[in-house]
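The values are calculated or read from the model by the stated rules, or taken from the named source; none is laboratory data. Predicted model, so just to flag it, every value in this text is computed and none were measured. Note: ideal-geometry Cβ built from the backbone for every residue, glycine included; neighbour counts use all protein chains shown. Remember, those area values only see protein heavy atoms, side chains included, never the ligands or the DNA or RNA. Shrake-Rupley method; radii C 1.70, N 1.55, O 1.52, S 1.80 Å.
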Amino acid sequence: MERLQKVLAHAGIASRRKAEEMITQGKVKVNGKVVTEQGIKVSDNDVVEVDGVKLEKEQKVYFLLYKPRGVISAVSDDKGRKTVTDLLPNVKERLYPVGRLDYETSGVLLLTNDGDFSYALTHPKYKVEKTYVARVKGVPLKEQLRPLERGIVLEDGKTAPARVKLLSSERKADKSIVEITIHEGKNRQVRRMFDAIGFPVQKLVREQFGFLGLHGLNAGEWRELTAHEVKQMRVLAETGKIGK
């Protein structure tokens, strides 16, 4: 179920604010009845009309993008910077990123027009894991990484326990490669976690989202998820296990 104004916006009828005005003006019907109140929710089974024209439902689509650095995880940017949707110019459906990767972070990013799918993969209660590989300044000892495994107190709350593995280190270059797996999605969370223990991130790549990885893709490239992968991701969100 989604709010009516959001459905109209996703269908490209108008911005969400303009859609709210159209609802107030009595231009929208749901199942043959004029709707003027805000906040009403509709499902895929409901028939929505705008000015007497039936709203055609978009086919649900699902994409995996290898997001490069220097690209915004949004559908538009008021500063004119390149967005992730700019990298899929031939897709006619209105896509939205599933969660975000910050401007300087690269790696796995999912895009879809399926709000329920996006919610299931990003809400903390579903605990879908994301794995990152970070190059950090300094050479941390295992004891210094342990707070990440217990949870770090940030300004917006304590993080859930993470899985952390030191992959390599170079004392002369004063840098290390660390793998970290989390299931939350706080703003710039991984970078802030490493800042909190004194090992700032120099480069960050999200290698996996659930079981989905970057195999076969270069930065800026994308592929469509298979129907089976979509089903597996739904099962993973609901049960914590990969479906067959």
Handout entry: Index of the failed condition, F194 passing every other in (1) surrounded by 16 or more Cβ atoms within 10 Å (Cβ to Cβ); (2) closer than 18 Å to K67 by Cβ; (3) modelled with pLDDT of 95 or more
Key = (2)
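Across segment 165-185, what is the number of residues that are in contact with a Leu (Cβ under 7 Å, 6 or more places away or on another chain) and either among the basic types (K, R) or open to solvent by 60 Å² or more (accessible area, probe 1.4 Å) (or both)?
In the first step, residues of segment 165-185 are kept if they are in contact with a Leu (Cβ under 7 Å, 6 or more places away or on another chain); the result is 166, 176-180.
From the residues that got through so far, the ones that are either among the basic types (K, R) or open to solvent by 60 Å² or more (accessible area, probe 1.4 Å) (or both) too are 166.
Summing the residues that are in contact with a Leu (Cβ under 7 Å, 6 or more places away or on another chain) and either among the basic types (K, R) or open to solvent by 60 Å² or more (accessible area, probe 1.4 Å) (or both) in segment 165-185 gives 1.
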Practice task
Those residues that are in contact (Cβ under 8 Å) with a residue 60 or more places away in the chain, open to solvent by 20 Å² or more (accessible area, probe 1.4 Å) and either assigned to a helix (DSSP H, G or I) or touching a Leu at 6+ places or on another chain (Cβ under 8 Å) (or both), I need them from segment 121-131; list them, please.
Solution key: T122, P124, Y126
Problem - Output for segment 50-98, where each listed residue is under 27 Å from G216 (Cβ atoms), touching a residue at least 12 places away in the same chain (Cβ under 8 Å) and loosely packed, with under 10 Cβ neighbours inside 10 Å - result: Q59
Exercise for the section: Could you please let me know if L65 is under 15 Å from the mean Cα position of the chain (by Cα) and either closer than 23 Å to T239 by Cα or not polar (S, T, N, Q) (or both)? Expected result: yes
Exercise for the section: Pull up segment 7-34, narrow it to residues that are out of contact with any strand residue (DSSP E or B) (no Cβ under 9 Å at 6 or more places or on another chain) and part of a helix (DSSP H, G or I), then point me to the one that is surrounded by the fewest Cβ atoms within 10 Å (Cβ to Cβ). Expected result: R17
Fill in the blank from the handout: Expected output for segment 216-241 (first residue closer than 26 Å to P124 by Cβ and open to solvent by 70 Å² or more (accessible area, probe 1.4 Å), partner at pLDDT below 95 and not in a helix (DSSP H, G or I), Cβ below 7 Å, 6+ apart or cross-chain) is K231/G243
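Can V47 be described as crowded, with 17+ Cβ neighbours inside 10 Å, at pLDDT 90 or above and either over 13 Å from the mean Cα position of the chain (by Cα) or on the phi < 0 side of the Ramachandran plot (or both)?
On the way: crowded, with 17+ Cβ neighbours inside 10 Å: no; at pLDDT 90 or above: yes; either over 13 Å from the mean Cα position of the chain (by Cα) or on the phi < 0 side of the Ramachandran plot (or both): yes.
Here the answer is no, as V47 does not meet what is asked.
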Exercise for the section: Give segment 99-120 a look and list any residue that's free of Cβ contacts under 8 Å to residues at least 24 places away in the same chain and either crowded, with 16+ Cβ neighbours inside 10 Å or touching a strand residue (DSSP E or B) at 6+ places or on another chain (Cβ under 9 Å) (or both), or say none. Expected result: D116, S118
Fill in the blank from the handout: Q144: passes all of (1) within 13 Å of the chain's Cα centre (by Cα); (2) on the phi < 0 side of the Ramachandran plot; (3) not acidic (D, E) but (1)
Handout entry: Selection count where residues are over 13 Å from I180 (Cβ atoms), open to solvent by 20 Å² or more (accessible area, probe 1.4 Å) and touching a residue at least 60 places away in the same chain (Cβ under 8 Å), scope segment 133-164
Key = 1
Handout entry: Subset of segment 35-44 [open to solvent by 70 Å² or more (accessible area, probe 1.4 Å) and in contact (Cβ under 8 Å) with a residue 40 or more places away in the chain]
Key = K41
Problem - Subset of segment 50-69 (residues that are charged (D, E, K, R), in a loop (DSSP other than H, G, I, E, B), closer than 30 Å to G210 by Cα and at pLDDT 90 or above) - result: R69
Completion exercise
Those strands (runs of 3 or more DSSP E) completely within segment 153-219 that have 2 or more residues that are among the hydroxyl-bearing types (S, T, Y) are 163-170, 175-182
